[in-house]
Amino acid sequence: MLVIAAAACGSKAKGGDMPKEGASLYDRLGKKDAIVAVVDDFVANVGADARINGAFKNADLPKLKTNLVDQICEATGGPCKYTGKDMKTAHTGMAIKDEDFTALVEDLKKSLDKFKVGAKEQDELLGALGGMKGDIVGL
């Protein structure tokens, strides 16, 4: 599954220095604390989204959040290691459609916008996560 202002959520929100040019996407997003904040908001958005929330009614939300944080952290150059199932295995039999995937991306974008994540960082993050679509949709 899926997942952070001109330069970064964490830096602006905490009043810290902006990340240096050439910094990893992980650093520009605001590191792990910022990713956790976005994931928490994102999961709340999904829970409120009648288009897709039924697919998550029996989900272990704490585990889902941990996996999402680790996955985003690792995918953006952070020190985390994602240890969950690969995307094909995790989504086989769920019959996820394109419109479901789109709804999920819209919910994530809503969170990224809320935390004022810059357009460049959003594009990079959504691009990294969007590459997983083929392993999620239609299985």
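Filter the helices (runs of 4 or more DSSP H) completely within region 35-139 down to those with at least 3 residues that are more than 15 Å from residue 25 (Cα to Cα).
Output list reads 61-75, 87-91, 98-114.
Is there a residue being open to solvent by 20 Å² or more (accessible area, probe 1.4 Å), closer than 22 Å to residue 138 by Cα and modelled with pLDDT under 95 anywhere in region 72-84? Within region 72-84, one or more residues are open to solvent by 20 Å² or more (accessible area, probe 1.4 Å), closer than 22 Å to residue 138 by Cα and modelled with pLDDT under 95. Just one of the listed residues (48, 103) is modelled with pLDDT of 95 or more, more than 16 Å from the chain's Cα centre (by Cα), of a type in the set (A, V, I, L, M) and more than 16 Å from residue 125 (Cα to Cα), and it is 48. Residues in region 11-45 that are of a type in the set (Lys, Arg) and modelled with pLDDT under 95: 12, 14, 20.
The values are calculated or read from the model by the stated rules, or taken from the named source; none is laboratory data. Since this is a predicted model, take the numbers as computed values, not measurements. Side chains included, ligands, DNA and RNA excluded: accessible areas come from the protein's heavy atoms. Shrake-Rupley method; radii C 1.70, N 1.55, O 1.52, S 1.80 Å.
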